[in-house]
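Student: Handing you a structure now.
The values are calculated or read from the model by the stated rules, or taken from the named source; none is laboratory data. Since the model is a prediction, treat every value here as computed from it, not as a measurement. Every residue, glycine as well, gets a Cβ built from its backbone with ideal geometry; the counts of neighbours run over all protein chains shown.
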Amino acid sequence: MKQSNYYFVVFSLLLNLIASSAMADEKKAPDNWGIIYGISNTSVDETTIDFDIKLRGNKFYFNNQSFLIKRNTMPAEDFFVSNNIEKTYFALKKQQALLEYNYNIKLNDNITYLQFDKNIDNSLLKQYVTQNRQVVLLDDMLLLFGKDGKPVFYSKPYFEKEFIKQVPLLPIINVPFNANDAFILYQDDVLKNLSIHFKNFLDLPWFATDIFGAKYPSISPIINPIFIDVGWDSGESDSYLYLFSNDYNVLDKLVLFDYRTTTRGGPGGSGYTVGYRYFTIDKNYFIERRQRFEDETIEVQHFQVTKEGKFQELPVTSNCYSKLAVKDNKIHSTKSLLLTSQQANNYMRFKKITFDELDDITLTLNPADKKLCINYQQAYSFTFGKAKSKQLFGNEKRYQQQVENFKEFNIDISNELEYITFDNIDKSPLAKYLLNGNKAIYMNEMLFIVGENYLAAYRQPTESELTDQEMDYD
């Protein structure tokens, strides 16, 4: 008998321990319901976006106040009629297809509603429930009501357990990966749409309206990288690289790409885009990103993924310039490379390109100093030379092909051409595209990188592109 009591006590203590642990985890979870922005004719304003709402069992938490609730069901139309807000019901039914397609909000024939008692009468919440002190619960959506029954939607937060279910469904992408690859994913509709319920889990602000994702192969057994694209209520979107643990806790995230405005004229202006407009991730998850500011300076940053699953910023150096822009350390990283607007805008523009591999390579060519700078960071000296075209190209087919190609630029290379030879460039990302690994054609102030099946023609920037004048897009 004593032994039975002993086991019963131990079993009870174990159950209490499990329950206490579960409660502690529940309290730690950032389980605030998030407002849904973008639905027409809803009561989204500075007040409703700041509501702190949690729903736990039979308790409804509102701005740190706790209220008891009861859950009931009734026909949807009867609910709205009994609360004297039938106009809201018909307005919601009218946009039912749109609500279901964009937000997975389904207004069924029968709905669940939460019933409050008179204890809410002295709370701000009273202004956002119906005349019968009720709100609607549509699966994982909460529907409050503002003035004249105007609705405002909140979404239940989703966390690791729900996210793990989505991971196998994500499309697989690979590194190396860059901003152009990201654009192609978007253009070809490759990314998978994720529930807006993951806003809290991904630590995104309330005005996120769409979440899309694709996964990279795991970096290690404990680091899982996922590319997340977020749409905002403004119609713009940002791209992030997230690092998740093996059980899909968020380890770290890094913004890769965004857009805010343009220089020289604001949104839609004639200048350069402002924000993170360039990034590249190599096969070892070494990351470079560039951010342009409204004064047209550019900040270059490097990051490496650590074995703990964090983004570690690395110092960026350059031997291209004797003097760089002056940093404000409240705005810029102490480890970054900050280019003046003149340095940032002084890169060669494509006149023509027949392949994408050079999109990641920014070239600055200074003929007077006989110096080529790659990606603003590494300088290479060069010398000028002349050669018979047939001799330089090496075979008749390539010679004839390039003679025809250069006619497009009104350049005759049928006899001889001018070229430049770069010193010690064999380890640069440009080398494999150069003639003999170190040569490019330079004629009429244009740089030509040619091969058997490709051609890239660059021109120098115009004065208006270098400075704040009317842009020249030629």
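Student: Go through (1) surrounded by fewer than 19 Cβ atoms within 10 Å (Cβ to Cβ); (2) in contact with a strand residue (DSSP E or B) (Cβ under 8 Å, 6 or more places away or on another chain); (3) β-branched (Val, Ile, Thr) and name the single condition residue 364 misses.
Tutor: Result: residue 364 fails condition (1) only.
Student: Something else now. Is there a residue in region 301-309 that is touching a helix residue (DSSP H, G or I) at 6+ places or on another chain (Cβ under 9 Å), buried (at least 19 other Cβ atoms within 10 Å of the Cβ) and among the polar types (S, T, N, Q)? Explain how you work it out, then say what you get.
Tutor: First, pick out the residues of region 301-309 that are touching a helix residue (DSSP H, G or I) at 6+ places or on another chain (Cβ under 9 Å): none.
No, that holds for no residue.
Student: So which of 215, 199 is farther than 26 Å from residue 307 by Cβ and surrounded by 18 or more Cβ atoms within 10 Å (Cβ to Cβ)?
Tutor: Among 215, 199, only 199 is farther than 26 Å from residue 307 by Cβ and surrounded by 18 or more Cβ atoms within 10 Å (Cβ to Cβ).
Student: Applying the selection to region 155-213, what residues are of a type in the set (Phe, Trp, Tyr) and outside any helix (DSSP H, G or I)?
Tutor: 158, 159, 177, 201, 206, 207, 212
Student: What's the total number of residues in region 178-227 that are polar (S, T, N, Q), in contact with a strand residue (DSSP E or B) (Cβ under 7 Å, 6 or more places away or on another chain) and without any contact (Cβ under 8 Å) to a residue 40 or more places away in the chain?
Tutor: 2
Student: Scan region 149-171 residue by residue and report those that are free of Cβ contacts under 8 Å to residues at least 40 places away in the same chain and loosely packed, with under 13 Cβ neighbours inside 10 Å. Even if it seems obvious, please write down each step before you answer.
Tutor: At the first step, the residues of region 149-171 found to be free of Cβ contacts under 8 Å to residues at least 40 places away in the same chain are 161-162, 165, 168-169.
Residues satisfying the conditions are 161, 165, 168, 169.
Student: Another one. Regarding residue 108, is this residue under 28 Å from residue 194 (Cα atoms), of a type outside the set (D, E, K, R) and free of Cβ contacts under 8 Å to residues at least 40 places away in the same chain?
Tutor: Here the answer is yes, as residue 108 does meet what is asked.
Student: Would you be able to say whether some residue in region 242-259 is crowded, with 20+ Cβ neighbours inside 10 Å, in contact (Cβ under 8 Å) with a residue 12 or more places away in the chain and of a type in the set (S, T, N, Q)?
Tutor: So far as region 242-259 goes, no, none of its residues is crowded, with 20+ Cβ neighbours inside 10 Å, in contact (Cβ under 8 Å) with a residue 12 or more places away in the chain and of a type in the set (S, T, N, Q).
Student: Just checking, does region 244-259 include any residue being more than 30 Å from residue 220 (Cβ to Cβ) and in contact with a Gly (Cβ under 6 Å, 6 or more places away or on another chain)?
Tutor: yes
Student: Next question. If a residue must be surrounded by 13 or more Cβ atoms within 10 Å (Cβ to Cβ) and touching a Leu at 6+ places or on another chain (Cβ under 9 Å), how many such residues does region 109-127 contain?
Tutor: 7
Student: Okay, next question. For region 1-117, give me every one of the helices (runs of 4 or more DSSP H) that falls completely inside it and has 2 or more residues that are at pLDDT 90 or above.
Tutor: Numbers: elements: 2-28, 76-82, 86-94, 96-103.
Once the helices (runs of 4 or more DSSP H) in region 1-117 are filtered for at least 2 residues that are at pLDDT 90 or above, what remains is 76-82, 86-94.
Student: Just checking, does region 130-145 include any residue being part of a helix (DSSP H, G or I), within 18 Å of residue 32 (Cα to Cα) and modelled with pLDDT of 90 or more?
Tutor: Looking only at region 130-145, we keep the residues that are part of a helix (DSSP H, G or I), and these are none.
No, every residue in region 130-145 fails to be part of a helix (DSSP H, G or I), within 18 Å of residue 32 (Cα to Cα) and modelled with pLDDT of 90 or more.
Student: From (1) farther than 21 Å from residue 210 by Cα; (2) surrounded by 13 or more Cβ atoms within 10 Å (Cβ to Cβ), pick out the condition that doesn't hold for residue 58.
Tutor: Of (1) farther than 21 Å from residue 210 by Cα; (2) surrounded by 13 or more Cβ atoms within 10 Å (Cβ to Cβ), only one is false for residue 58: (2).
Student: Select, from 314, 338, 358, the only residue that is crowded, with 20+ Cβ neighbours inside 10 Å and of a type outside the set (Ser, Thr, Tyr).
Tutor: Numbers: 314 fails: crowded, with 20+ Cβ neighbours inside 10 Å; 358 fails: crowded, with 20+ Cβ neighbours inside 10 Å.
Just a single option satisfies the conditions, and that option is 338.
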